[in-house]
Ligand code: AMP
Ligand code: GLY
């Protein structure tokens with residue numbers, strides 16, 4: 001099978017590796033890919049949001065299946081477009097992708113279906129904001145309605161801050177939407193829960209915990225994710241039943257009733273409080289860096305699973321997991337998530353010899369001639385599997401020390417919730 005994978009991050013290098021390892025894959029193209037994917041697939045540097053060009057490339061390379069990594073093409077309707085052109089693709093349609101593409105859509109769906117989530121108000125102007133402020137206590141969370149590249153959520157401590165952030169959104173700070181969602185702040189522990197969904201059923205696809213704040217002890221501004229581990233200890237069987245019953249099933253049913261069935265990866269972003277799950281967000285894709293810690297634990301051929309899902313036969317496949325733990329630490333460019341320099345050479349990377357239990361998944365990297373250069377804020381995902389998170393983390397940090405990239409930094413405390421005596 002010839003496969004096209006859309007995206008260029010650590011998530012895509014991880015997916016690409018699993019596709020490469022599959023017995024079912026033949027040629028793989030990655031659009032646009034990164035330095036890591038270029039070693040196992042053919043990178044094609046076109047704009048994946050230019051659907052017409054994308055279709056041309058897909059036809060030229062005789063692609064049998066398209067797998068979509070990031071949210072933006074999904075939210076813009078790449079699945080609808082490709083299906084109309086008779087190309088097999090794994091991912092949600094444009095309507096279902098609004099679960100991530102519009103916070104207002106997602107929250108309204110929750111309200112209509114009694115799905116546990118933070119109290120909220122969809123605001124279109126300052127009046128709406130002031131009304132919500134009268135009834136609620138701080139902190140409060142302001143969320144841009146549309147896609148905002150991870151920069152749309154602000155936790156506000158006072159009225160002045162809420163008004164300032166809201167005003168910026170109403171004035172069009174984010175091109176995707178001028179609406180916002182103002183919501184109650186939820187205390188608790190976060191977890192990411194993943195599913196594969198087709199028109200008939202869904203299957204568990206791993207749990208993980210991400211570390212979104214840039215600084216150790218979860219301090220500083222939010223990032224795309226500084227590191228993750230899987231499985232998430234907090235996601236017990238009892239909790240999982242509640243997640244399915246109270247959150248996932250009513251969501252999928254609501255979409256089905258609109259005749260807009262969900263298919264694809266589904267990322268359920270949760271806040272857990274007193275062993276009760278609350279939905280913080282839906283993402284219509286795998287997480288990044290959660291994908292980097294879930295796929296190394298997968299013991300069933302990924303391409304086989306996705307092929308079954310595309311045929312709506314997920315209910316007939318048994319997805320197996322290795323009984324190991326996995327962690328990834330993201331090596332970032334100094335300055336991230338603020339300003340950082342690009343195109344800095346990563347000298348030692350080529351000389352690193354990894355044991356079987358460790359992987360380096362590229363994110364923001366690029367080959368220039370035969371050298372690897374940084375090309376983004378999150379640059380490399382150093383990943384390892386093993387029996388205890390403490391040993392795994394020790395192993396990852398020793399690899400990062402060998403890479404010794406002077407222009408990078410990383411969090412040394414990934415997994416602090418599950419590693420006691422540090
Ligand atoms: P989101 O893009 O909605 O996932 O928000 C990004 C991050 O903001 C989440 O991962 C949480 O850490 C935090 N966050 C979002 N909404 C809330 C909330 N209602 N209460 C507490 N923290 C939140
Ligand atoms: N790790 C957070 C995300 O993928 O959105």
For this session: For residue 382, work out the one condition from (1) surrounded by 13 or more Cβ atoms within 10 Å (Cβ to Cβ); (2) in contact (Cβ under 8 Å) with a residue 60 or more places away in the chain; (3) within 26 Å of residue 196 (Cα to Cα) it doesn't fulfil.
Result: (2)
Exercise. How do the pairs read when you match residues in the stretch 397-411 that are without any contact (Cβ under 8 Å) to a residue 40 or more places away in the chain with residues anywhere that are assigned to a loop (DSSP other than H, G, I, E, B) and surrounded by fewer than 19 Cβ atoms within 10 Å (Cβ to Cβ), using Cβ under 9 Å and keeping only pairs 6 or more apart or on different chains?
Worked result: 406/334; 406/344; 406/347
Exercise. Among the residues of the stretch 278-321, which ones are within 13 Å of ligand 1 (Cβ to nearest atom), touching a helix residue (DSSP H, G or I) at 6+ places or on another chain (Cβ under 8 Å) and over 18 Å from residue 7 (Cα atoms)?
Worked result: 279, 281, 282
For this session: Check the stretch 134-151 and report whether any residue there is more than 13 Å from ligand 1 (Cβ to nearest atom), over 30 Å from residue 242 (Cα atoms) and not in a loop (DSSP other than H, G, I, E, B).
Result: yes
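Inspect all residues belonging to the stretch 358-366 and state whether any of them is in contact with a helix residue (DSSP H, G or I) (Cβ under 7 Å, 6 or more places away or on another chain), surrounded by 15 or more Cβ atoms within 10 Å (Cβ to Cβ) and assigned to a loop (DSSP other than H, G, I, E, B).
Here is the first cut: in the stretch 358-366, the residues in contact with a helix residue (DSSP H, G or I) (Cβ under 7 Å, 6 or more places away or on another chain) are 358-359, 361-363.
Imposing the further condition that a residue be surrounded by 15 or more Cβ atoms within 10 Å (Cβ to Cβ) reduces the set to 358-359, 361-363.
Now narrow it down to the ones that are assigned to a loop (DSSP other than H, G, I, E, B): 363.
Yes.
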Exercise. Among the residues of the stretch 271-278, is there at least one that is crowded, with 18+ Cβ neighbours inside 10 Å, modelled with pLDDT of 95 or more and within 16 Å of ligand 2 (Cβ to nearest atom)?
Worked result: yes
For this session: For the stretch 371-420, enumerate the residues that are assigned to a loop (DSSP other than H, G, I, E, B), over 22 Å from the mean Cα position of the chain (by Cα) and under 23 Å from residue 12 (Cα atoms).
Result: 405
Problem set entry | Residue that is farthest from ligand 2 (Cβ to nearest atom) [pool: residues in the stretch 174-190 that are buried (at least 16 other Cβ atoms within 10 Å of the Cβ) and more than 18 Å from residue 118 (Cβ to Cβ)] | 178
Exercise. Which of the helices (runs of 4 or more DSSP H) contained wholly in the stretch 1-90 include at least 3 residues that are farther than 20 Å from residue 310 by Cβ?
Worked result: 10-21, 51-60
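Scanning for something more than 16 Å from ligand 2 (Cβ to nearest atom) and either at pLDDT 95 or above or closer than 20 Å to residue 221 by Cα (or both), does the stretch 145-152 turn up at least one residue? Show your work before the answer.
Filtering the stretch 145-152 for residues more than 16 Å from ligand 2 (Cβ to nearest atom) gives 145.
With the extra rule that they be either at pLDDT 95 or above or closer than 20 Å to residue 221 by Cα (or both), the set shrinks to 145.
Yes: the stretch 145-152 contains one or more residues that are more than 16 Å from ligand 2 (Cβ to nearest atom) and either at pLDDT 95 or above or closer than 20 Å to residue 221 by Cα (or both).
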For this session: Check off (1) within 13 Å of ligand 1 (Cβ to nearest atom); (2) more than 26 Å from residue 251 (Cα to Cα); (3) out of contact with any helix residue (DSSP H, G or I) (no Cβ under 6 Å at 6 or more places or on another chain) for residue 183 and give me the number that stays unchecked.
Result: (2)
Problem set entry | Filter result for the condition that a residue is away from ligand 1 (no atom under 16 Å from the Cβ) and touching a strand residue (DSSP E or B) at 6+ places or on another chain (Cβ under 8 Å), over 246, 213, 260, 256 | 246
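The values are calculated or read from the model by the stated rules, or taken from the named source; none is laboratory data. In this text, all values refer to a predicted model and were calculated from it rather than measured experimentally. A quick note on method: Cβ atoms are made from the backbone with ideal geometry, for glycine too, and the neighbour counts reach across all protein chains shown.
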